[in-house]
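Below is one structure, written out as structure tokens; comments come after it.
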Amino acid sequence: MHRIAVRINGKAYGHEVEPRLLLVHYIREKARLTGTHVGCDTGNCGACTTLLNGQPVKSCLMLAVQANGAELTTIEGLAGNGLHQIQEAFLDKFAVQCGYCTPGMILSAYALLKANPKPEEGEIREAIEGNLCMCTGYQQIVDAIGHAARTMRMSGSR
Amino acid sequence: MLNLDELFVTRKWVGKPVRRDQDIRFIRGEATYVDDLEMECGHVAFLRSIYAHARIKRIDTSKAAALSGVLAVVTGEDVARETRPIVPRAITRPATQYVMAVEKVRYVGEPLVAVVAEDRYLAEDALELIDVEYEPLRPLVEIEDALREDAPLIFEEAGSNELLHEKLEHGNIEAAYREADLFVKERFRLHRYSSTPLENWAIIAKHEKGDDAFVVWANDQQPGRSTTNVCNMLGIPNSGLRLIVPDSGGGFGIKLAIWPYIVILCLLARRTDRAVKWVQTRREHLLAGTHAPDARVEIELALRRDGRILGLSIKDIQNDGSFIHTAGIYGLIKFATMVGCYDIGATRAELVSVVTNKGPTVQNRGVGKPTMIFVLERMVDIAARRVGLDPAEMRFRNFVQPGQMPYSTPSGEIYESGNYPECLRKALSLSGYEEFRKRKEEMREQGRYLGIGMSASIEPGTSNLGYYYTHRGLPEYMGNAEGAIVGVDYDGNVNVLLGSVDEGQGHATTTAQVVADMLGIDPGRVSMSTHLDSLISPFLGHSGCYSNKFNDVDLGAVIMATKKVRDKMLRIASHALGVEAGELTFRNGEICWAKDERRSIAFKEIATVAYKKILLLPEGMEPGLKEIAYYKNPAAKPPSKANFNVQLTHSNSVHMATVEVDVDTGAVTIVKYVIVHDCGTQINPGIVEGMAIGSTVHGIGAVLYEEFVYDENGQLLSTSFMDYLKPLAVGLPRFEVAHVESPCPTTLLGTKAVGEGGAIGSLAALANAVEDALAPFGVKVTSLPITPEKVVRAVRETGEI
Ligand code: FES
Ligand code: FES
């Protein structure tokens, strides 16, 4: 067992964990933040995407112990009580069907728009290339991210 | 169809892209999927067969059972002692199968042993300690292997590896053949693929010791059937199972086959006296979580010289793998769309279901209709070339015309509505068909190969359950229906409960739009729990989310229940206001006197009378303001081999794909994609568009990327998303979606199927486009998927994909 300490969505967590525990299982089962999902076992689907020190990572490809000391953001921490503009855009553009890919998609979009506030459609598609959506065929997701970029630029937010 | 002006008191919401605010939990990460439920559980892992076909000689579980933290180890033999075998739906030969392997394994991945442990990691550790001795048998992987004279029998008691072999003729096929001037015939090979919902299967089962009852949480798509199956197999009364379906991360048919695992989990819960949880891994899902069967199809069209199709014969052999419950269904359901969009007077079908040592099959998005439309629409292109017609003209000549509606196909399927020529005209114009043909020639000069392909397809909805028994007496299900409860709460807001579940289609918002217009309120005042609880939800054997039935019977039940509530509210208001009910109208959450709107009563006050001040109710009226209704589609015919309708509504679409093929690398790029869709009345165009595109991408995946590849020993080689490739955001075109609206006369709102169409029509559209692009090389497309390797080989050597 190893002791780890992380901050998730600004809150401190500390646990004794087995060295083999995956970070995604830590987030879901120890921190009880179930907005981070599991859709595969090989790092291909992106349902488990979280931000680790601001960068999107697939939390099923990391061990919890590797995140010791890190700052994590999950979907629950994106906007506090309200909705982030990306979340609003996902609703406006019908970018959600079953919702299983949605948290990962939104976090990938968030990372993209931080780095590139004015992405082209192709850049949006590339940014979510690691996130599978089985429901939407992606078009409305791509549109939502483009729409979010516009509203965020207009309101000067990031 | 009802008169919508009479049904609705406002026309503000139905038909508008209303945001899915009812489902805000999904974007906040606050949804509740089964795996999210907070519960102390034992965790389940399965040891699965490593052989495709083998006798089980010995299983030694003693070391696993002794591992600290292991709560139970259960083998297939143990399960068979406590359960009844699976009841097949369509096959005609006897075959006995339990929910876990007994005596024999029949596919790689078949569950052999279940372990329950304190956590999943430990349960997986325990699997490593189990010793299985197998006696390998000859694996039968492809249809041809299973049908060979000397092939061993997969189910000995069946006496054959063909579990269903049916010949059906409708219309005068002999006459059609006599009258025909020419015949075109082709053989096609379809591969195995699946829609792979992003959330895998998940189940929690709890045993209530006192009365030997179970509470189960599962992402089950058809709880009506699952509860029946699970209770029968466990030999418990219906009251012994409460099934709860929380949020579900996509279904596409694949989650219709989860109930065998519910049976196992119940046994494990009873054995350990703990809540037990199993979350399928993606590898398990791909290996043993059900596919669409692969198939060999021979099809022949009997034609007149002018291109009119007079008759159609099909021989359809499905590789149904090793799950006898659904084996045979894919063959039979094809009758829903056997003649596609065309007026073809006679059909002959020979349907064969073959068991092999591939994994189980279940109703994947479109169920058999993707195959049927693929072969038919390929044939129409091939026939067009033979008679020297443009493929569009060939279709125009054969379409069922709008004036022929309702049109009965030879087997009795009734197309109640649709305007097929209009859809094609629109698609031709949106895709720039004529200009493209010129551009194609120019590009060819530069050594670039572009092609355009089309398909016209029927997208049937609402299964007339029971069609699959047309050959063996009366089925246990017939028709289709759903139940709903609609209530007005104390606060005057509306609450809906449905017998169905939601796999991501946004039922809550769609329902809210309909109810809002029926009661003259904002959809924000209508809430609907999409979580099903068999103890409290209205419930039928048909209940569930499948075959595009929501827009029809589910909303039908909601509408009928809302009408009952509305009538009762009017009577209470009439009594309270002292005004004839006929003179009352609904306005912004109030009922008021049409002649003087100041005389009004708010929903909240009406509810207060109904629930609390019940002495103010009209004489003899029951308290409460909650109504239940069940609604069945009126078009269902009872099963009969001579005349039956497999499905009850018929949407249609035309897909037009433009592709470029790189003949050196074999890469196919979709340059443009047009979908013209007719699903009758649209309730929420935003949702409809998402499903039209999403289902199309399923088909594109099936054509270009996805395939379950087995080696000759029956080992599945595509067990992760590294080998089983799904479409990504990159590499897809922007889809252009347009609509034609032919309201359906047999549903209350004129709505028709929405969720499956793209998965049906896209296969042939893309294949036809690729064939068009490769016309200079004379390449024929007779199989799927169209992989780069196959393209290159076809161009250089074989001439056939
Ligand atoms: S669960 Fe992490 S990528 Fe699929
Ligand atoms: S919305 Fe279902 S996986 Fe994306």
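The values are calculated or read from the model by the stated rules, or taken from the named source; none is laboratory data. Treat the numbers as computed from the prediction; the structure is a model and nothing was measured. Every residue, glycine as well, gets a Cβ built from its backbone with ideal geometry; the counts of neighbours run over all protein chains shown. Keep in mind that these areas ignore ligands, DNA and RNA; they rest on the heavy atoms of the full protein, side chains included. Shrake-Rupley method; radii C 1.70, N 1.55, O 1.52, S 1.80 Å.
Output the relative contact order of segment A:83-155, whole-number percent, from Cα pairs under 8 angstrom with separation of 6+ residues.
The value is 51 percent.
Could you tell me which chymotrypsin sites (Phe, Trp or Tyr not before Pro) in segment B:28-118 are loop residues by DSSP with no more than 16 other beta carbons within 10 angstrom of their beta carbon?
none
Rounded to the nearest 20 Debye, what is the dipole magnitude of segment A:25-138 about its Cα centre when Lys and Arg each give +1 and Asp and Glu each give -1 at the C-beta?
In debye, rounded to 20, segment A:25-138 gives about 280.
So what is Rg over Rh here for segment B:42-185, counting just Cα atoms and using Kirkwood for Rh?
With Rg and the Kirkwood Rh in hand, the quotient comes to 1.20.
List the extent of the Cα atoms of segment A:83-155 along each of their three principal axes, largest first, rounded to whole Å.
30, 23, 17
Rounded to the nearest 20 Debye, what is the dipole magnitude of chain B about its Cα centre when Lys and Arg each give +1 and Asp and Glu each give -1 at the C-beta?
Here the size comes out at about 1140 debye.
Along the charge dipole of segment A:7-158, Cβ charges K/R +1 and D/E -1, which of A:L78, A:L91, A:C45 sits furthest on the positive end?
A:L78
Given B:N238, B:I173, B:S226, which one lies farthest toward the positive end of the charge dipole of segment B:161-238, if we put +1 on the Cβ of every Lys and Arg and -1 on the Cβ of every Asp and Glu?
The Cα lying farthest towards the positive end belongs to B:S226.
How large are Rg and Dmax for segment B:317-389 when only the alpha carbon atoms are used, in Å?
14.4, 45
Debye sum, Cα scatterers, segment B:471-541, no solvent: what log₁₀ I/I(0) at q = 0.15 1/Å?
Log-scaled intensity ratios, in q order: -0.56.
I need the Kirkwood Rh of segment A:2-78: take the reciprocal of the average 1/r across all distinct C-alpha pairs and report it in angstrom.
12.0 Å
What per residue convex hull volume, in Å³, do the alpha-carbon atoms of segment B:647-801 yield?
Spelled out: Cα convex hull of segment B:647-801, divided by residues, is 139 Å³.
Within segment B:474-520, which GluC sites (Glu not before Pro) sit in a loop by DSSP and count at most 15 neighbouring Cβ atoms inside 10 Å?
B:E476
Between their Cα atoms, which of B:K255/B:K277; B:K57/B:K206; A:K30/B:K63 are more than 27 Å away from each other?
B:K57/B:K206; A:K30/B:K63, as the Cα separations exceed 27 Å there.
For peptide B:193-200, how many partner chain Cβ atoms fall within 10 Å of a residue's Cβ, on average?
6
Tell me what chain B gives for mean residue ellipticity at 222 nm when only DSSP H runs of n ≥ 4 count, each as -39,500 (n - 2.57), the sum divided by the residue total, rounded to 500 deg cm²/dmol.
That calculation yields -8000 deg cm²/dmol at 222 nm.
Mind checking B:691-699 for the average number of partner chain beta-carbons within 10 Å of each residue's beta-carbon?
Mean inter-chain Cβ contacts per residue within 10 Å come to 4.
Just how far, in whole angstrom, is segment A:29-53 from segment B:494-526 if you go by their alpha carbon centroids?
If you average the Cα positions of each part, the centres end up 31 Å apart.
What share of Cα pairs, in percent, lie more than 35 angstrom apart in chain B?
Cα-Cα pairs of chain B separated by over 35 Å account for 49 percent.
If you average over every viewing direction, what projected area does the convex hull of the Cα atoms of the protein assembly as shown give, in nm²?
Mean orientational projected area (the protein assembly as shown, Cα hull): 41.0 nm².
Which whole-number percent gives the relative contact order of chain B, counting Cα pairs below 8 Å spaced six or more residues apart?
16 percent
Just to verify a number: FRET efficiency for B:R598 and B:N495, C-beta to C-beta distance, R0 = 22 Å, to 0.05?
0.15
In the protein assembly as shown, with Lys and Arg counted as +1 and Asp and Glu as -1 at Cβ, which of these residues, B:A66, B:S640, B:G403, has the Cα nearest the positive end of the dipole, that is, farthest along it?
Result: B:G403, furthest along the dipole toward the positive end.
Report the label-to-label distance for A:V65 and B:I50 in nanometres (one decimal), using points 7 Å from each Cα along the Cα→Cβ vector.
Label at A:V65, label at B:I50, 2.8 nm between them.
List the GluC sites (Glu not before Pro) within segment B:23-75 that fall in a DSSP loop (any state other than H, G, I, E or B) and whose Cβ has at most 14 other Cβ atoms within 10 Å.
B:E38, B:E40
Note down the accessible area of A:C101, probe 1.4 Å, to the nearest 10 Å².
10 Å²
Beyond 14 Å, what share of the Cα-Cα pairs of segment B:121-195 remains, rounded to the nearest whole percent?
Percentage above 14 Å: 80.
Could you give the size of the charge dipole of the protein assembly as shown about its Cα centre, using +1 on the Cβ of each K and R and -1 on the Cβ of each D and E, expressed in debye and rounded to the nearest 20?
1060 debye
Averaged over peptide A:136-147, how many Cβ atoms belonging to another chain are found within 10 Å of each residue's Cβ?
5
Could you work out Rg/(2.2 N^0.38 Å) for segment B:456-581, with Rg from alpha carbons only?
The reported ratio for this selection is 1.24.
Highest mean first, what order results for B:605-611, B:127-133 on Cβ atoms within 10 Å?
Most protected by this proxy first, the peptides run B:605-611, B:127-133.
How long are the three semi-axes of the equivalent ellipsoid for chain A, computed from the Cα gyration tensor as the root of 5 times each eigenvalue, in whole Å, largest first?
27, 16, 13
Would you mind checking B:K568/B:K752; B:K563/B:K595; A:K93/B:K564; B:K637/B:K752; B:K315/B:K780 for any pair whose Cα atoms are more than 27 angstrom apart?
Table pairs above 27 Å Cα-Cα are B:K568/B:K752; A:K93/B:K564.
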